[in-house]
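These notes concern the structure reproduced below.
The values are calculated or read from the model by the stated rules, or taken from the named source; none is laboratory data. Note that the structure is a prediction, hence the values are computed from the model and not measured. Methodologically, a virtual Cβ is constructed for each residue, glycine included, from the backbone with ideal geometry; neighbour enumeration extends over all protein chains shown. Only protein heavy atoms, including side chains, enter the accessible area calculation; ligands, DNA and RNA are left aside. Shrake-Rupley method; radii C 1.70, N 1.55, O 1.52, S 1.80 Å.
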Amino acid sequence: MADTQIHTCSDCAVLSCKAKDEAHYPAFCLTAKQNQARLEEALKIYQEDPEQGNIARVSAGIEGEFYGRLTRVEETIEFIRRMGYQKIGIASCVGLMPETRIFTKILKALGIEYYTVGCKLGAVDKTVIGIPNEKKLNGGCGHESMCNPILQAKELEAQGTDFNIVIGLCVGHDTLFLRHSHAPTTVMIVKDRVLAHNPVAALYTANGMYSRFKDILQR
């Protein structure tokens, strides 16, 4: 059967765009084929929008100075400082509240103001939005609060946060928070209970003996 897959950046083995090595761009290179108007539209945003341009420049500066030297937590704090953010919003999974408390202690020690909202904010039972009792973790044995990322975003907006951080929201719940967040947002911790919140380990071990992806990759 003919391969109908459209080749994109994940199919590239040279990544010559990093140094604009045009002589080695593959035939399907998205940079070589990029719509010039679209490219210029993106550049115009960096150049003319003060907030988004500053985010891009500050991020690049931190990358250039600290690449491979700072942890994600340290990079986040450095970004907060350089951007001059005054009030940090934290949207945390209640299951990762111990980790969030450690982070907020660090922020407090550094004199950085923060406001934290847990994912069960509002304590609304899951059945209210149509989740059947049998789909609850408790099997329907009484009240079980839904995760409420939209309310988390609205609460942080009401508190006037100027930068938000996601800590461990579930897949999908993080999607809703990011869609409704009024402020620029970063994801500092991604929840993965199976791999100690290190989801990339599933990819590093994808061809290993115990991998759940081994059979798929060998097809």
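Structure data summary
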| quantity | calculated |
| --- | --- |
| Most mobile listed residue (Lys154, Lys126, Lys135) in the chain, GNM with C-alpha springs under 10 Å | Lys135 |
| For the range 129-218, size of Cβ-based charge dipole, Lys and Arg +1, Asp and Glu -1, in debye | 280 |
| Those Cys residues of the chain for which no other cysteine Cβ falls under 4.7 Å | Cys9, Cys12, Cys17, Cys29, Cys93, Cys141, Cys170 |
| Listed residues Leu176, Ile62, Val94: farthest to the positive end of the dipole of the chain (Cβ charges) | Val94 |
| Assigned charges on the beta-carbon of Lys, Arg, Asp, Glu; the chain dipole about Cα centre (debye) | 580 |
| Helical mean residue ellipticity (222 nm; -39500 (n - 2.57) per DSSP H run of 4+; nearest 500) of the chain | -11000 deg cm²/dmol |
| Probe 1.4 Å, accessible area per residue of the range 169-219, Å² | 76 |
| Proximal lysines to Lys20, defined as alpha-carbon separation beneath 29 angstrom and excluding residues fewer than eight positions away on the same chain | Lys33, Lys44 |
| Lys/Arg +1, Asp/Glu -1 at C-beta; the chain dipole; positive extreme among Ala158, Ser10, His24 | Ala158 |
| Given Lys87/Lys108; Lys120/Lys191; Lys135/Lys191, the pairs whose alpha carbons are separated by over 18 Å | Lys135/Lys191 |
| Only Lys, Arg (+1) and Asp, Glu (-1) charged, at Cβ; the range 1-101 dipole about Cα centre in debye | 280 |
| Over the range 118-184, relative contact order from alpha-carbon pairs under 8 Å, at least 6 apart, % | 32 |
| Contact order normalised by residue count of the chain, Cα under 8 Å, 6+ apart, percent | 14 |
| Per residue solvent-accessible surface (Å²) - the range 35-98, probe of 1.4 Å | 64 |
| At least 15 Å along the helix axis (C-alpha) and Kyte average at least 0.0, DSSP helices within the chain | 97-109 |
| Cα gyration tensor category, rounded, prolate or oblate, for the range 126-196 with a/c compared to 1.5 | oblate |
| Proximal charge balance of Cys29 [Cβ under 13 Å; K/R count +1, D/E count -1] | 0 |
| Carbon/sulfur fraction of accessible area - the chain, other protein chains in place, 1.4 Å, % | 56 |
